[in-house]
Amino acid sequence: MNILEVQNLSKTYGKGEAEVRALCQVSFSAARGEFIAIVGESGSGKSTLLNVVGALDNPTSGKVYIDGKDIFSLPEKKLTIFRRQNIGFIFQSFNLIPELNVEQNITFPLLLDYRKPDWKYVEELLGILGLTERRKHLPSQLSGGQQQRVAIGRALAARPAIIMADEPTGNLDSRNSREVITLLKSMSARYRQTILMITHNENHADAADRVLRMADGRLQDLGVTVQ
């Protein structure tokens, strides 16, 4: 069973002469544990696609099923809770809470739902991410690469059905960028974590299991990459 099903997804902004069709009948699926890269020029619709699939924006038409759930059939309050518990986000800007240390930033999404962290799993994440020795550090005491690792840990903390990564290496140098892509790939394999990643970097896209290309709001599946 696919963890994600996107069916005939469309998104239109404006009306009349000002109408912009950001997404045009986009359909694709993702299996559990699949690492998918989405590439395309600026304005091609890839960020809109990620925002709609991640329930940060509503579609004009079409369906999104995550783990068998028709997410846009949910009332707004229930959709907010579903998104928090089932979708992890990694952004270009790290969006860490400056007053919280590494460990607190990673577990924060769980606390929003009054859930007790699985400390064994948290310890495992800290080790894999190379953050064990920095668990009590504040974001201001970390490098950019370390901050993005914290963001990856935060996205994984709730064991979401799917992770949305929007240009996760955009604010990093080449060495840290390679490390982040390697981490994402290993997390996908280790935890069977499904990841959708937007990237402008073709080399980073090659690390994914499959590549999708957006152009003028339409999707082309470029198929499985050769590792």
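Taking only protein heavy atoms into account and a 1.4 Å probe, give the accessible area per residue of the chain in Å².
Each residue of the chain exposes 49 Å² on average to a 1.4 Å probe.
What does the charge count around R21 come to, taking other residues whose C-beta lies under 10 Å from its C-beta (Lys +1, Arg +1, Asp -1, Glu -1)?
Counting the neighbours of R21, the net charge comes to 0.
Carbon-plus-sulfur fraction of the accessible area of region 1-147, 1.4 Å probe, in percent? Spell out each step's value before the answer.
On the way: 3700 of 7610 Å².
Carbon and sulfur: 49 percent of the exposed surface of region 1-147.
Quote to one decimal, in nm, the extra length available between D206 and L111 on full extension: 0.36 nm per residue of separation minus the C-alpha distance between them.
30.6 nm
Take the Cβ-Cβ distance between C24 and M1 as r, set R0 to 30 Å, and report the resulting FRET efficiency rounded to the nearest 0.05.
0.65
Cα-Cα pairs above 20 Å in region 64-185: how many percent?
Numbers: 3194 of 7381 pairs.
In whole percent, the long-distance tail amounts to 43.
Report, in deg cm²/dmol and to the nearest 500, the calculated mean residue ellipticity at 222 nm for the chain, where each DSSP H run with n ≥ 4 adds -39500 (n - 2.57) and the sum is divided by the residue count.
-10000 deg cm²/dmol
Trypsin sites (Lys or Arg not before Pro), restricted to region 92-139: which are DSSP loop and have at most 10 other Cβ atoms within 10 Å? Before the final figure, lay out each step's value.
Numbers: sites: R115, K120, R134, R135, K136; in loops: R115, R135, K136.
For trypsin sites (Lys or Arg not before Pro) across region 92-139 that sit outside H, G, I, E and B with at most 10 neighbouring Cβ atoms in 10 Å, the list reads K136.
Over the alpha-carbon set of the chain, divide Rg by the Kirkwood Rh and report the Rg/Rh ratio to two decimals.
0.97
Using the Karplus curve 6.51 cos²θ - 1.76 cosθ + 1.60 with θ = phi - 60°, work out ³J(HN,Hα) for each residue of region 31-43 in order, rounded to whole Hz, and write x for Gly and Pro.
Rounded to whole hertz, the list is 7, 4, x, 7, 10, 10, 9, 10, 10, x, 5, 4, x.
The values are calculated or read from the model by the stated rules, or taken from the named source; none is laboratory data. Model, not experiment: these values are computed from the prediction. Cβ coordinates were reconstructed from backbone atoms using ideal geometry, including for glycine residues, and neighbour counts include every protein chain displayed. Accessible surface areas use protein heavy atoms only, side chains included; no ligands, DNA or RNA. Shrake-Rupley method; radii C 1.70, N 1.55, O 1.52, S 1.80 Å.
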